[in-house]
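Down below is the structure, laid out as structure tokens.
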Amino acid sequence: METALTHSDQLKVEPLLLEVADVVNTTLDLDTTLSRVAELVRKVIDYEIFAILLVNEKAQELRIRFQVGYAREVAERVKIKIGQGVTGQAAQRREAILVDDVSKHPEYISAAPNVRSELAIPLIVKNRVIGVLNLETHEAGRFTEEHKRLLTLIGSRMAVGIENARLHTRTTRQARTLVLLNEIARELTSILNVDELLKRIAELLSRLIDYQMFSILLVDAAGEKLQHRFSLRFQENIQLKHDVPLGDGLVGYAARHRQAVLVPDVSKDPRYILLNPETRSEMAVPLIYKDKVVGVLDLEHTKRGFFTDDHKRTVTTLAAQVAIALENARLYEEIARQEKRLERDLALARELQFRLLPQSLPKLANLEVAAKFAPARAIGGDLYDFVNYSLDHMGMVIGDVSGKGAPAAIYAALVSGILRSHAPIEPGPAEMLRAVNFSLSERRIEGQFVSLIYAVWDDRNRSLQIANSGLPRPLYCHDGKIEVIEATGLPLGLFDDAEYDEFTFNAKPGDMFVFFSDGILDARNQAGDMFGRSRTEAIIAGCAEISADCVVKSLFKAVTEHAAGEDAFDDETVVAIKVKGEPKRK
């Protein structure tokens, strides 16, 4: 309820109220508002010491937000409980208090030397005390009842301006913080190197909070302790080897209890572990990812009470994004390590696979041999091999295992071993296919099978025996034409009692046989067109009178040009044999 004014008071206050209205309506900057309030009050009273104290509702205490005449360190330290001192009583009683001689006032709290009189005016908005306007002088009885009435009247108007400015400042700060947090979150998620990420977190966090000491501690693999992974002390990067068991210290408590810890004065908190003698206040915020604590952000300062609840809310919000970014970076690094290990393993597997292929082509009196294998991936499931029989005979095989990559390569190695194990008895082609099929049936692997062509060449008599278990039908070039050898059969490893036909050819000089896996026929271009059998036959026809090597090289070149940059879908293998000597001319 406002105090009644005399006519002379009204004459004084009306222009002042207009100025107060101008302050309230023309600025929302809190510092500007408080400064202008101080100027307006001086027009009423020529004070020596002036302060605007605002209420911290959580702590239920008054803290100086703007002042004239106090020592800076005193102003920063002053915290007055509601109900204590002259200002605390003014806030509690919600009325102005005028003290002519503070030495006679039992509740007076001294914050400046030689003070004699004090006037405290509560700032009330919507029936809520938001602060106190306080004046002090070195002269006893300096303030009057008229001063008290005038400041009480304009105080309510000033309170509205201060509260609006404070809300605007808080809202603006929160908006800036949210924008900055969003920018930080986007940047952090783009960094996939853990060490680089930790350094950048420290840099970006300093844009939000002017900390002096900072650490990121990560939970070890056993989940039993926190390890210092990155630390800054007054902007200098340092290495800390001190591990903290979960539950110990402020950081251990934050991790164990999964909650942020804000300590205004570490000397008064029994949980604090002394590592930095300069530290006075500390804040520890857990990093939680998918309901699991992965680490702690720890901030320290040499000033007591430096960190606020706003700081805690801000860092807690940021911590969620930091945890995601850290886990992404750690996962990426783990994948990178695994990929390097896999690359080494694949390189070794590729070398081993090529070691399993013939290291040199057979040299026979009457036969020219050429072959090439190109896996669709680092390693593949195609194979070819040559086996020496006695009496100028040679066994040869070309195969295609179901699937691609490592499983197919391992299965191909198994098939190659089985073939080699049966070779000493020098079986015919159909007999070899049956023997391999039987061995694979004994070691049946779900979804795995192999298609093989097995052939036996008699170099003395220039004859070839062929049996097929599912590969594309081979081609026979003779007398200026190309013949498809109608050898077919079921793949090996699927049916126990499969039987295979055997074909015999008596070849003449110049005749050629070409065997290939379906990766050649099925190669596709960007339009989805397959290379196909007609193109294959055309390439072979062009090389039929030249050499076996011409066939192999020309086929691979044509397939590559057809695919035009498209990745190979399947392994590609070609084996060509050409009977030596000039064909008889008719």
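None of the figures in this text is laboratory data; all of them are computed from the coordinates on show. Keep in mind that this is a model prediction, so the values were computed, not measured. Note that each Cβ is placed from the backbone with ideal geometry, even for glycine, and that neighbours are counted across all protein chains shown.
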Legend entry - Given charges at beta-carbon only (K, R positive; D, E negative), |dipole| of the stretch 43-169 in Debye: 560
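Where does the chain land on Rg(C-alpha)/(2.2 N^0.38 Å)?
On the way: Rg = 45.0 Å, N = 586, 2.2 N^0.38 = 24.8 Å.
My calculation over the Cα atoms of the chain gives 1.82.
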Inset, instruction - Report Rg(Cα)/(2.2 N^0.38 Å) for the stretch 441-531, keeping two decimals. - result: 1.30
Inset, instruction - Count charges around Asp100 for me, please; just the other residues with Cβ under 11 Å from its Cβ, Lys/Arg as +1, Asp/Glu as -1. - result: -1
Legend entry - Exposure proxy order (Cβ contacts within 10 Å, fewest to most) of Tyr389, Tyr454: Tyr389, Tyr454
Legend entry - Which of Phe556, Phe569 has the fewest Cβ neighbours within 10 Å, and the rest in rising order: Phe569, Phe556
Legend entry - Normalised contact order of the stretch 274-349, rounded percent, pairs of Cα under 8 Å and 6 or more residues apart: 28
Legend entry - Dipole-positive endmost among Gly247, Phe386, Ala544 within the chain (Cβ charges, Cα centre): Gly247
Inset, instruction - Using a 10 Å cut-off on Cβ atoms, rank the peptides 500-507, 409-416, 489-496 from the highest mean neighbour count down. - result: 409-416, 489-496, 500-507
Inset, instruction - Using only the alpha carbons, work out the radius of gyration and Dmax of the stretch 294-335 in angstrom. - result: 13.7, 44
Inset, instruction - Beta carbons within 10 angstrom, averaged per residue: use that to sort the peptides 514-520, 105-111, highest first. - result: 514-520, 105-111
Inset, instruction - Rank by packing, highest mean first: peptides 534-545, 125-136, 429-440, with packing defined as the count of other Cβ atoms within 10 Å averaged across residues. - result: 429-440, 125-136, 534-545
Inset, instruction - With only alpha-carbon atoms counted, please give the Rg and Dmax of the stretch 252-359, in Å. - result: 22.9, 79
Legend entry - Dipole axis of the chain (+1 Lys, Arg; -1 Asp, Glu on Cβ), positive-most option in Leu299, Gly532, Phe449: Leu299
Legend entry - Nearest-0.05 FRET efficiency for Ala347 and Asp46, computed from C-beta distance (R0 56 Å): 0.05
Legend entry - Efficiency of FRET from Cβ geometry, Glu224 and Glu327, R₀ 25 Å, rounded to 0.05: 0.85
Inset, instruction - Taking the Cα centre of the chain as origin, sum charge times position over the Cβ atoms of Lys and Arg (+1) and Asp and Glu (-1), and report the length of that vector in debye to the nearest 20. - result: 1400
Legend entry - Surrounding net charge for Val115, when Lys and Arg each add one and Asp and Glu each subtract one, Cβ distance under 9 Å: -2
Legend entry - Estimated inter-spin distance, Asp567 and Glu426, nm [label 7 Å along Cα→Cβ]: 4.7
Inset, instruction - May I ask you to sort His301, His562 by Cβ crowding, counting other Cβ atoms within 10 Å and putting the fewest first? - result: His562, His301
Inset, instruction - Counting helices only, and only those DSSP H runs with n ≥ 4, report the 222 nm mean residue ellipticity of the chain as the sum of -39,500 (n - 2.57) divided by its residues, in deg cm²/dmol to the nearest 500. - result: -13000 deg cm²/dmol
Inset, instruction - Quote the FRET efficiency, to the nearest 0.05, computed for Lys557 versus Glu236 with a Förster distance R0 of 60 Å and r equal to the Cβ-Cβ distance. - result: 0.45
Inset, instruction - Give the residue from Tyr289, His422, Asn437 lying farthest towards the positive end of the charge dipole for the chain; charges sit on Cβ (+1 for Lys and Arg, -1 for Asp and Glu) and the dipole is referred to the Cα centre. - result: Tyr289
Inset, instruction - Would you kindly enumerate the cysteines in the chain that have no other Cys beta-carbon under 4.7 Å from their beta-carbon? - result: Cys477
Inset, instruction - Return the long-range amide H neighbours of Asp248 (sequence gap of 5 or more, or a different chain), with a cut-off of under 5 Å between placed amide H atoms. - result: Tyr253
Legend entry - Contour minus Cα-Cα distance for Phe354 and Ala336 (0.36 nm per residue): 3.8 nm
Inset, instruction - Provide, for q = 0.14, 0.16 Å⁻¹, the log10 of I(q)/I(0) from a solvent-free Debye sum over equal Cα point scatterers in the stretch 190-333. - result: -0.58, -0.77
Inset, instruction - Work out, step by step, the length gained on full extension between Asp29 and Asn56: first 0.36 nm times the residue separation, then minus their alpha carbon distance; give nm to one decimal. - result: 7.8 nm
Inset, instruction - Please work out how much length the chain gains when fully extended from Leu361 to Asp269, using 0.36 nm per residue of separation minus the C-alpha to C-alpha distance, in nm with one decimal. - result: 25.0 nm
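Treating only the Cβ atoms of Lys and Arg (+1) and Asp and Glu (-1) as charged, compute the dipole magnitude of the stretch 190-333 about its Cα centre; round to the nearest 20 debye.
Using Cβ point charges on Lys, Arg, Asp and Glu, the stretch 190-333 gives about 200 debye.
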